[in-house]
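Taking it in order: structure first as C-alpha cells, then the write-up.
The values are calculated or read from the model by the stated rules, or taken from the named source; none is laboratory data. Note that the structure is predicted; figures quoted are calculated from it, not measured. Using ideal geometry, Cβ is built from the backbone for each residue, glycine included, and neighbour counts are taken over all protein chains shown.
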Amino acid sequence: MLLKYEQESKQITVLLTNLSFPNGVALSKDGSFLVFAETTKCRILRYWLSTPKAGNLETLAQVPGFPDNIKRSPRGGFWVAIHSRRCKVLSWILSYSKLGNALIWVLPVDVITKAYSVMSKYLGSGLALRISEEGVVLETLELESGNKMSSISEVQEKDDHLWMGSINMPFLGVYSMGIIPQEDHSFDLHALELEIDIDVSEKIRIHSLVWKATIV
C-alpha cells in the first residue's frame with residue numbers, strides 16, 4: 001500500500017491499496033505527482049497529488065525488468081534502477097499471489113532473498129533507466145556482462161556523477177558522466193569502486209544515449 005504521513009499532525013493516511021510490491025517512491029519536481037515502482041509487475045506508476053487529476057493513478061512506464069529504487073535526476077525525469085531482468089519462471093510465480101504468499105510463509109525471508117540474488121546473476125547485467133516525467137526513456141545505462149556489479153538497486157545523480165548501489169554487492173559504483181555528448185561516439189567512462197579493490201577498465205558506447213559499461 002501507499003501511505004501518506006503528516007509530519008505536523010503525525011497522522012497517517014492510506015492513499016492506495018492492493019499494490020504489487022510498491023517500491024522506490026519519488027516526488028516530481030513541481031510536487032504535483034509522485035512515482036513509484038510496482039516491482040513484481042515491472043512497471044512504474046504515477047499518482048497525482050494536485051491538479052484536476054489529484055487522486056488518479058496511472059501507468060507511467062513498463063520496464064524490461066524488476067524495478068527497485070527511483071530517484072529524481074537534476075537534469076529532469078527520474079533514474080529507475082532495474083534490479084534484474086524479467087524471468088518467465090519468476091514472473092509466473094509472482095503473478096499468482098496465493099503461490100507467492102505460500103512461499104513467504106514456508107520459506108524464511110533470508111532464503112528467498114538469497115535465492116533471488118543468485119537468480120539475478122543469470123538474468124542479465126546491471127541496468128538503469130532515466131525516464132522523463134511522461135514515461136519516455138531518455139537514457140539507458142547497461143553494465144556489460146561479466147562485470148562485478150550484476151544488479152543495480154539505486155542510482156543517485158549528483159555533479160555529473162552516477163552513484164550506484166546494489167543489495168548484492170558490498171561496495172558502491174561511482175561513474176563520471178562528464179559532458180554528455182549529443183552525437184553518437186565512444187568515450188571513456190571512469191569509475192571508482194569503494195570498499196573493495198577492483199581493477200577498473202571500461203569503455204562505453206552511446207547510441208541514442210544508450211550507455212554500455214564494463215567493469216573487469
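At a glance:
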quantity	calculated
Residue under evaluation Trp79, criteria (1) modelled with pLDDT of 90 or more; (2) assigned to a loop (DSSP other than H, G, I, E, B), criterion not met	(2)
Matching residues, the stretch 17-65, being of a type in the set (Phe, Trp, Tyr) and farther than 16 Å from Gly135 by Cα	Phe21
Residue in the stretch 46-55 that is buried (at least 19 other Cβ atoms within 10 Å of the Cβ), assigned to a strand (DSSP E or B) and not acidic (Asp, Glu) present	yes
Filtered residue count, the stretch 1-39, keeping only those that are small (Gly, Ala, Ser), surrounded by 12 or more Cβ atoms within 10 Å (Cβ to Cβ) and assigned to a loop (DSSP other than H, G, I, E, B)	3
Inter-residue pairs, beta-carbon under 6 Å, first at positive phi and in the stretch 11-32, second aromatic (Phe, Trp, Tyr) and in a strand (DSSP E or B), 6+ apart	Gly24/Phe36
Hits in the stretch 113-162 (condition: modelled with pLDDT of 60 or more and among the polar types (S, T, N, Q))	Ser125, Ser132, Thr140, Ser150, Ser151, Ser153, Gln156
